[in-house]
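Before any comments, here is the structure.
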Amino acid sequence: VIALYNSDTNTLNYNGVTYVVNNPSSTLLMVGGTTEENAQMGMATFWFNVLMVIALTLFAGIMSGLTVGYLSIDDLVMELKLSTGTDEEKQFANNIIPVISNHHWLLVTLLLCNSFAMEAMPIFLARIVNEMLAIVISVTLVLFFGEIIPQALCTGPNQLKIASFLAKPTIFLMYVTYPISYPLSLLIDHVVGKHMKSRFANSDLRGLIELHTVDALNKIKEEEE
């Protein structure tokens, strides 16, 4: 498309027809077609950007929540759930253990996906609002819907249920990002060492039993009173 724009009169000459440009800085300006068609295409682009902002914010929130949620789950607790838990807890453990067993690979995958969403979101946001408003909205969305709420949910009472439900999508992301995330995880293993399974020393186990014994005795005393 070849058109001549006159900045003095804010007009655009295209194929011998002169168009008045009301907003020359708008990125939604469409050349050719009827005014109604241009408006429809402009609205379609606007709502596409809005949906992308919402989708990227939610995706970033899920990645942030899962980072805290998965990495705060003790693999020893999962092994105990697998052997002595209820049927539901055993199912949760079966789904979660394969995810958290690759600790650094999981960590890199979640952080990589979160960073991608965080960096891409302002690009779409800047297309629908001015730069200052984009910063305010971006910070607000990231703070509440990308950090606080997801992390509170993923570490709350439904932590295992959420981790189990999102286990397969998480593994899928681990393999999608494999060319980047897996080599980085190997580098982290080499630099800081591999993440070892949690195990209690004899002294720790003895202390744990004593704590449970004291708590049990206190509950008995409270019931008697």
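Note on region 36-114: Cα convex hull, mean projected area over all directions, 7.1 nm².
A 1.4 Å probe, protein heavy atoms only, puts the accessible area of residue 139 near 90 Å². If you take the beta carbon distance between residue 79 and residue 43 as r and set R0 to 45 Å, what does 1/(1 + (r/R0)^6) give as a FRET efficiency, to the nearest 0.05? In this case the efficiency is close to 0.25.
Express the carbon and sulfur contribution to the solvent-accessible surface of region 68-188 as a percent, rounded to the nearest whole number, probe 1.4 angstrom. Mind dumping the intermediate values first?
Numbers: 4790 of 6910 Å².
C and S fraction of accessible area: 69 percent.
Rolling a 1.4 Å probe across the protein heavy atoms gives region 88-168 an accessible surface of 56 Å² per residue.
The values are calculated or read from the model by the stated rules, or taken from the named source; none is laboratory data. Owing to the predicted nature of the structure, the values given are computational and were not obtained by experimental measurement. Neighbour counts run over all protein chains shown; Cβ positions are idealised from the backbone, glycine included. What goes into the accessible areas is simple: the full protein's heavy atoms, side chains included, and nothing from ligands, DNA or RNA. Shrake-Rupley method; radii C 1.70, N 1.55, O 1.52, S 1.80 Å.
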